[in-house]
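The values are calculated or read from the model by the stated rules, or taken from the named source; none is laboratory data. What you are looking at is a predicted structure, and each value in this text was computed from that prediction instead of being measured. Cβ: placed from backbone, ideal geometry, glycine included. Neighbour counts: every protein chain shown. Quick note on the areas: whole protein, heavy atoms, side chains included, nothing else; ligands and nucleic acids left out. Shrake-Rupley method; radii C 1.70, N 1.55, O 1.52, S 1.80 Å.
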Amino acid sequence: MRLGVAGSDVYAYTGARPLDRALPTVLFVHGAGNDHSVWALQSRYFAHHGRNALAVDLPGHGRSGGAALASVEAIADWLLALLDAADLPAAALVGHSLGSLAVLAAAARHPGRVTRIALAGPAVPMPVADVLLDAAGADDHVAFELINGWSYSSGKQLGGSQVPGMWLTGSALRLMERTRPGVLHTDLAACHAYADGLAAAAAVRCPALLILGARDLMAPPKGAQALIAALADRRVVTLPDCGHAMMAEQPDAVLDALVAFLSG
């Protein structure tokens, strides 16, 4: 579906189902340089199992217009503007990487609108290596290559997809190559600059799920430990032999964790 948010045309995938405002809603938020498609399995499942699903393209990403938002806080507030545009009073928020930070901030800033949060591949803080920031700032293709190399566990670098014939890193590279100039750098800089994650976690009052990849190099599990300690009501699921791109590496395990959490 398409929505007008903050003066821009925005795309959200709904699992090919119309919104039913009598149903609970799950809003999926992608990470840096990605779009709604990274949530294809999970969003479609919930759309066909008693919930509204909105897998959004953030501003400047995928099929959405506007400029990429420069801070985690701006993305958090934009998510609530999206709910307003869809005439949805509240939602469970699910975010990956940069999206996990935005979901965390949204729950802290707008507690009455967020029923639950699920954070996939989170870290607080979430520093970005200088070599990656520099490459992204120059719109150098090596930025995509570095992210790919760091996002997948070793067993998934050349194969290992649950879909026969699917090349995980090749598909991810093509997705990032469609990113508009400057957008990846804006996303990564927002991750790097976000300093209020622990304060936000302490302010969250809804249940939280953290999904960690045991072999995540982009957001190592140790980077989530302070976040886990700061959240009052949290559940942690660690996926063995899984990197940062967990929705691609272990899609069913991510879905299972979300189903158990959101059903609870």
- prompt: Is it true that some residue in region 88-99 is in a helix (DSSP H, G or I) and open to solvent by less than 10 Å² (accessible area, probe 1.4 Å)?
  reply: yes
task: Determine whether A214 is open to solvent by 30 Å² or more (accessible area, probe 1.4 Å) and touching an Asp or Glu at 6+ places or on another chain (Cβ under 9 Å).
output: yes
message: Restricting to region 21-60, and then to whatever is farther than 22 Å from I117 by Cβ and open to solvent by 10 Å² or more (accessible area, probe 1.4 Å), can you tell me which residue is modelled with the highest pLDDT?
response: H48
task: Would you check if R205 is within 30 Å of L23 (Cα to Cα), of a type outside the set (F, W, Y), assigned to a loop (DSSP other than H, G, I, E, B) and in contact (Cβ under 8 Å) with a residue 40 or more places away in the chain?
output: yes
Inter-residue pairs, beta-carbon under 7 Å, first crowded, with 17+ Cβ neighbours inside 10 Å and in region 109-136, second of a type in the set (S, T, N, Q) and not in a helix (DSSP H, G or I), 6+ apart: G121/S97
task: Can you confirm whether region 219-232 contains a residue that is open to solvent by 40 Å² or more (accessible area, probe 1.4 Å), of a type outside the set (D, E) and either in contact with a strand residue (DSSP E or B) (Cβ under 8 Å, 6 or more places away or on another chain) or under 15 Å from G95 (Cα atoms) (or both)?
output: no
Residues that are of a type in the set (S, T, Y) and assigned to a strand (DSSP E or B), drawn from region 1-52: S8, Y11, Y13, T25
- prompt: Taking the stated definitions as given, is D139 of a type in the set (D, E, K, R), at pLDDT 95 or above and at positive phi?
  reply: yes
- request: Considering (1) more than 13 Å from V26 (Cβ to Cβ); (2) of a type outside the set (D, E, K, R); (3) outside any loop (DSSP other than H, G, I, E, B), say which one P122 fails and leave the rest.
  value: (3)
query: Of all the residues that make up region 10-26, how many are touching a Ser or Thr at 6+ places or on another chain (Cβ under 7 Å) and more than 26 Å from A67 (Cα to Cα)?
result: 0
